1. Considering only segment 1-43, state which residues are farther than 30 Å from residue 93 by Cα and among the aliphatic types (A, V, I, L, M).
2. Quick check: anything in segment 382-389 surrounded by 21 or more Cβ atoms within 10 Å (Cβ to Cβ), charged (D, E, K, R) and either at pLDDT 95 or above or within 16 Å of the ligand (Cβ to nearest atom) (or both)?
3. What residue, of 421, 376, 408, is small (Gly, Ala, Ser) and farther than 26 Å from residue 457 by Cα?
4. How many of the residues making up segment 14-55 are of a type outside the set (Phe, Trp, Tyr) and open to solvent by 60 Å² or more (accessible area, probe 1.4 Å)?
5. Inside segment 119-221, counting only helices (runs of 4 or more DSSP H) that do not spill past its ends, which hold 1 or more residues that are more than 16 Å from the ligand (Cβ to nearest atom) and buried (at least 17 other Cβ atoms within 10 Å of the Cβ)?
6. Examine segment 276-288 for a residue that is without any contact (Cβ under 8 Å) to a residue 60 or more places away in the chain, in contact with a Lys or Arg (Cβ under 7 Å, 6 or more places away or on another chain) and either open to solvent by 10 Å² or more (accessible area, probe 1.4 Å) or hydrophobic (A, V, I, L, M, F, W, C) (or both), and state whether such a residue exists.
7. Quick one: residue 18 ticks every box in (1) in contact (Cβ under 8 Å) with a residue 40 or more places away in the chain; (2) on the phi < 0 side of the Ramachandran plot; (3) not hydrophobic (A, V, I, L, M, F, W, C) except a single one, so which number is it?
8. Taking interchain pairs and intrachain pairs at least six residues apart, which have beta carbon atoms under 6 angstrom, with the first residue in segment 241-260 and among the basic types (Lys, Arg) and the second open to solvent by 10 Å² or more (accessible area, probe 1.4 Å) and within 14 Å of the ligand (Cβ to nearest atom)?
Amino acid sequence: MREIKLFINGEFKTSNKTYMTLNPATGDDVAKVYLPSHADIDFAVDCAEKAFYSKDWREWDKNKRADLLEAIAEKLKERRNEIIELEIADSGSCVRKARADLHNASSYFKVLAGQLRKFEFEVKDESASRVGFSQNFKIYEPVGVCAQIIPWNFPLVMAAWKIGPVIASGSTSVLKTAQETPVTASLLAEILNSVGLPKGVVNIITGGAEEGEYLIRNPKIKKIAFTGSTAVGRKIMSESGKNLQNLSLELGGKSANIILKDADLSLAVDGALYAFLYHSGQACDSGTRLLVDESIYPQFKELLLEKIPQVKVGLPNDPKTGYGPVINQKQGESILSYIEKAKSEGGKIIYGGRRLTEGEFSKGYYIEPTLIEVKSENIIFNEEIFGPVLAMTTFKTEEEAIMLANQSIYGLAGAVWSRDSEKALKIAKQIEAGTIWINEYHLLNPGMPFGGYKQSGIGREMGEEGIKAYLEVKHLWISECNERSKKPWFDAIF
Ligand code: NAD
């Protein structure tokens, strides 16, 4: 049985409290996990703080840090098979999703390294500087000790997106994994040691809400970076107000997928299915609100009903499987309760809607891909379900489509499908969301920022914005005016 220990100060540590993680597809034990005590959490923060101020880490220049990021990318590829196998078992990810996650995590570190090499940490602002008076510089400095908290849906990728900018910026951190899925972050910890990251720069602990709450309250924490639900994001934001910590929030979504009447319908149908069924609907940017021009709706619906049975539902470790279980019983029951709410509000289920329990599905928590026709005021059209449920409605005009897309507390992502690129662009620009695809879905570019408008979050991960999120900026003023009488303040007090 694999053991997941606490990774503190470059060492793997046990504790007095343990629990088992379960395979979402089979219910089998995956790993014995050590939970941190408060003393362990405080120790991890102390080590991160010591590392932050250590001469060793301070003296790593950006190119040395970029070399290390590249080395992590390579090691991930070397340990590919082992990591993929464990991610499938721990998180219920299908083989193809787990492979994509490995690729995405590795390429993220590589792209980040390239961006870091180009990033200027000291910039003289020529427009602000004045010859004979001042030279004005922006100096970017690491933010300090970070507390980072991640969810269970993309465990390796989420850990990569957090650890990457810590190293790139020269900060340090204590990362808490999700209680359900701590395994692959622990392999990443082994990789960090093997590539020579100084002790204490990144510490990785396990745990749930209690451990997360305790971690962020530590006054040594200068930044909190949280990915998870909007409900917990609100709590974190209010907690961070006590010590006024720098904050990044990557939260939930209810993204609109808009199908215009001139779209390539067969492509748009595939895109709509991929948008809401990838990882059984457990992706924050899932396209879970489908808005279809009413003039093509009957045809589009027919195509959806024809295509949806072709999505292969099965055990995650079968490479043919495109759709697997949800993470656990609690999540499954929450999804089913939303389906019940939709029914009670008059929503019409046109496909799926039930739990699968026969044969190979009996041990995990599988829910049928579900299509529901709803009205825009229904709960299911507005709340994040985080499962394989598509709320479908129609629009008459482009203005109505934009209005419906923006009728949400969320603003994480969305898409427009059309053959008219000018029209699609006009609509895309009016949607209040951090990522908008035209004739595409879910694909992210590690060189570009990702994050949410409105209650989907604050700040961005990835891209240059993702590095800056871990930097403080200092205005350095060097005077070139050394004659007393020419100093502008001389008149002020003398
Ligand atoms: P969650 O909010 O329940 O938990 C997320 C993490 O926060 C976990 O590690 C959990 O242990 C911890 N936590 C819970 N309560 C806490 C508290 N009071 N203080 C500190 N830590 C606490 O979310 P989840 O169910 O793990 O993940 C699903 C959610 O994450 C969805 O809403 C999804 O949209 C969102 N998500 C967002 C992004 C993004 O980039 N925007 C990416 C993935 C997932």
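The values are calculated or read from the model by the stated rules, or taken from the named source; none is laboratory data. Being a predicted model, the structure only gives us computed values, none of them experimental. All Cβ positions, even for glycine, are placed from backbone atoms using ideal geometry, and neighbour counts span all protein chains on display. Side chains are part of the model used for accessible areas, which takes the heavy atoms of the whole protein and leaves out ligands, DNA and RNA. Shrake-Rupley method; radii C 1.70, N 1.55, O 1.52, S 1.80 Å.
1. Answer for segment 1-43, where residues must be farther than 30 Å from residue 93 by Cα and among the aliphatic types (A, V, I, L, M): just 39.
2. Yes - at least one qualifying residue is present in segment 382-389.
3. That would be 421, the only listed residue that is small (Gly, Ala, Ser) and farther than 26 Å from residue 457 by Cα.
4. Summing the residues that are of a type outside the set (Phe, Trp, Tyr) and open to solvent by 60 Å² or more (accessible area, probe 1.4 Å) in segment 14-55 gives 14.
5. Result: 155-169, 183-194.
6. No, that holds for no residue.
7. Unmet for residue 18, out of (1) in contact (Cβ under 8 Å) with a residue 40 or more places away in the chain; (2) on the phi < 0 side of the Ramachandran plot; (3) not hydrophobic (A, V, I, L, M, F, W, C): (1).
8. 254/288; 254/384; 254/408; 254/410
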